1. Please list, ordered by first then second residue, the pairs with beta carbon atoms under 9 Å, 6 or more apart or interchain, first in the range 1-27 and in contact (Cβ under 8 Å) with a residue 12 or more places away in the chain, second surrounded by 10 or more Cβ atoms within 10 Å (Cβ to Cβ).
2. For residues that are surrounded by 15 or more Cβ atoms within 10 Å (Cβ to Cβ), farther than 13 Å from residue 46 by Cα and either without any contact (Cβ under 8 Å) to a residue 40 or more places away in the chain or out of contact with any His (no Cβ under 8 Å at 6 or more places or on another chain) (or both), tally how many sit in the range 86-97.
3. Could you look through the range 1-56, keep only residues that are among the hydroxyl-bearing types (Ser, Thr, Tyr) and within 17 Å of residue 111 (Cβ to Cβ), and pick out the one that is nearest to the chain's Cα centre (by Cα)?
Amino acid sequence: MFCIAKLIEMLTLQEQALHQIRADLPRVYHRGQVVRCPWTFEKGALMRHLVETHAAEDLELIDGVKVVNRQHDSWVLVLPDAGEPLVHIFANGSDRDWVDETLREYRNRVQDCGTGTGNGSRCWGGLKEFLAHWAAISSLVFSREHLLCLSG
């Protein structure tokens, strides 16, 4: 109730109707998608891949990985779900086409990283190198099927 009273007070002081104030506000488009991924999906590898493939000044790492385009006042956030095999992707910007295209691009990046195909195949590089090194040190021999499974 207090908010309504303050809104009426503001409209009276501004001598404008609510529709006039709303027309002055910039248009912002915000969309989100959820990408399912297998339980074995390395979300940490995806986050590391995103951090390594973007300039540090364009990143905010508070909740997931947020890639910010300061010139166009837009951003995309990739946020892995803590309890489910999901990755949430949110995009925000003043251009609807940019938001849709960015969601599509990052959905493809997540899917590529999860399957180890395309440009996202580098997501698995650190894990494969670690396992190969570990196998050499501990004299364990992985079968060809295990190595093929790791390489996608």
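1. Pairs that qualify, where the first residue is in contact (Cβ under 8 Å) with a residue 12 or more places away in the chain and the partner is surrounded by 10 or more Cβ atoms within 10 Å (Cβ to Cβ), are 26/73; 26/94; 27/94; 27/96.
2. 0
3. Once the filter is applied, the top-ranked residue is 53.
Values quoted throughout were computed directly from the atomic coordinates according to the rules given, and no laboratory measurement underlies them. A quick note: this is a predicted structure, and the numbers were derived from the prediction, not measured. Note that we place each Cβ from the backbone using ideal geometry, even for glycine, and neighbour counts take in every protein chain shown.
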